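The values are calculated or read from the model by the stated rules, or taken from the named source; none is laboratory data. Keep in mind it's a predicted model, so treat the numbers as computed, not measured. Reconstructed Cβ throughout: ideal geometry from the backbone, glycine too, with neighbour counts over all protein chains shown.
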Amino acid sequence: MSDLAPRVRDMTTTATGAIPRADGPPAEGQPASPAEARDVASAASLAGERPVGAGPLGEGAGGGSAAPGDAAVSGQRFVGSLSPSRAADFVSCPLKYRFRVVDRLPEPPSPAATRGTMVHSVLERLFDLPPAGRTPEAAVELLPAAWADLLAREPELAAMFPDGEALEAWLASARELLAGYFALEDPRRLAPAARELYVEHVLGSGLRLRGYVDRLDEATTPDGLALRVVDYKTGRSPGPAFEGTALFQMRFYALLLWRIRGVVPRELRLYYLGDRTWLRVTPDESDLLATERRVQALWAAIDRAHRTGDWRATPSKLCGWCDHQSRCPAFGGTPPPLPVAVGSGGPLVDDADPAVCEAAG
Ligand code: SF4
């Protein structure tokens, strides 16, 4: 394991005092000082995350089988559906959102995204082991099985690697990310309440919010139940221009948990394994109400684009990671015609399975 020191950026927005940990004392290697935090690498990367939008994106717009307001989940009707990843897509480029959600264009697997999925799988499985067994060595031993499971589901992933040497280099980079995780916290001290937790809530407006929380920690404190939301990123920590997007995703999850559990999560943590840095924020109700307003405003913009067909290309440096340059006007391409059913207006549903679309966060 490298001796690269972990770093933390405390994005705390409210003074709530000490944040209780679900696992007792702080893990080794935890924060660094705010001064250290300023040294965080600024390279934003969405490339090291799990795959986004590959394959079918579920019912709704493309299928055109449902009328507005004609969809229901868990007995609740909804007019549309949004995950943090797709929300981030629309914010960064409405046309990219269209390609993923409306056209449902497939995106080829990438080594970085697949590695992200594999590392997430290992970190989830790690907590199946007895606490004392959650060591860096044990995590590395879980990698082959996680890779084999991915290959069993998607045999075409093997084609990403021209030879054994390329595959081994890729696996080595995954081992390095796992080492990065252990530099940030000690899982032997943790007893997560949930991993890969699906959360969903339909707002009063009928907009369904949903997503998967990588890990939820719970603790009973004198002040009541304390929740901590943890998300792993296998890329590097974002620079200032992208920090807001990352924290929006966490607040999105916090809003969901608040609405579902009636408890404002005490702490939101984003672990960036790529550069061993974590972001932390402690939200309060006003934060989450603001998040809800932002989500509603975002949905209004998506709905407007959906009705008018005006999905604007918004070039940025994120285009470098976009699979749709060949059909993007900003790169001389021509988007395919919009699916006919979209014009008739069905509820826009972000993804059939948001578990596989964590990337943009
Ligand atoms: S290439 Fe850039 S501008 Fe075009 S759709 Fe992708 S992200 Fe948007």
Would you confirm, using the coordinates I've provided, whether residue 83 is modelled with pLDDT of 80 or more, in contact with a helix residue (DSSP H, G or I) (Cβ under 9 Å, 6 or more places away or on another chain), within 16 Å of the ligand (Cβ to nearest atom) and among the small types (Gly, Ala, Ser)?
no
Name the residues in segment 136-165 that are within 21 Å of residue 273 (Cα to Cα) and small (Gly, Ala, Ser), would you?
138, 139, 145, 146
Of the listed residues (106, 155), the one being surrounded by fewer than 15 Cβ atoms within 10 Å (Cβ to Cβ) and within 16 Å of the ligand (Cβ to nearest atom) is 106
When you scan segment 97-110, do you find a residue that is at pLDDT 90 or above, of a type in the set (S, T, N, Q) and over 28 Å from residue 144 (Cα atoms), even just one?
no
Quick count over segment 317-330, residues being surrounded by 12 or more Cβ atoms within 10 Å (Cβ to Cβ) and more than 6 Å from the ligand (Cβ to nearest atom), is 4
Selected residue (criterion: surrounded by the fewest Cβ atoms within 10 Å (Cβ to Cβ)) from residues of segment 129-145 that are outside any helix (DSSP H, G or I) and not aliphatic (A, V, I, L, M)
130
Quick one: count up the residues across segment 92-117 that are within 17 Å of residue 211 (Cα to Cα) and over 15 Å from the mean Cα position of the chain (by Cα).
3
Could you tell me whether segment 194-212 includes any residue that is free of Cβ contacts under 8 Å to residues at least 24 places away in the same chain and either under 20 Å from residue 85 (Cβ atoms) or surrounded by 17 or more Cβ atoms within 10 Å (Cβ to Cβ) (or both)?
yes
What's the number of the only condition in (1) over 19 Å from residue 96 (Cβ atoms); (2) modelled with pLDDT of 95 or more; (3) surrounded by fewer than 21 Cβ atoms within 10 Å (Cβ to Cβ); (4) among the β-branched types (Val, Ile, Thr) that residue 340 fails to meet?
(2)
Subset of segment 278-316, residues touching a Phe, Trp or Tyr at 6+ places or on another chain (Cβ under 8 Å) and surrounded by 15 or more Cβ atoms within 10 Å (Cβ to Cβ), comes to 278, 279, 288, 291, 294, 295, 298, 302, 305, 311
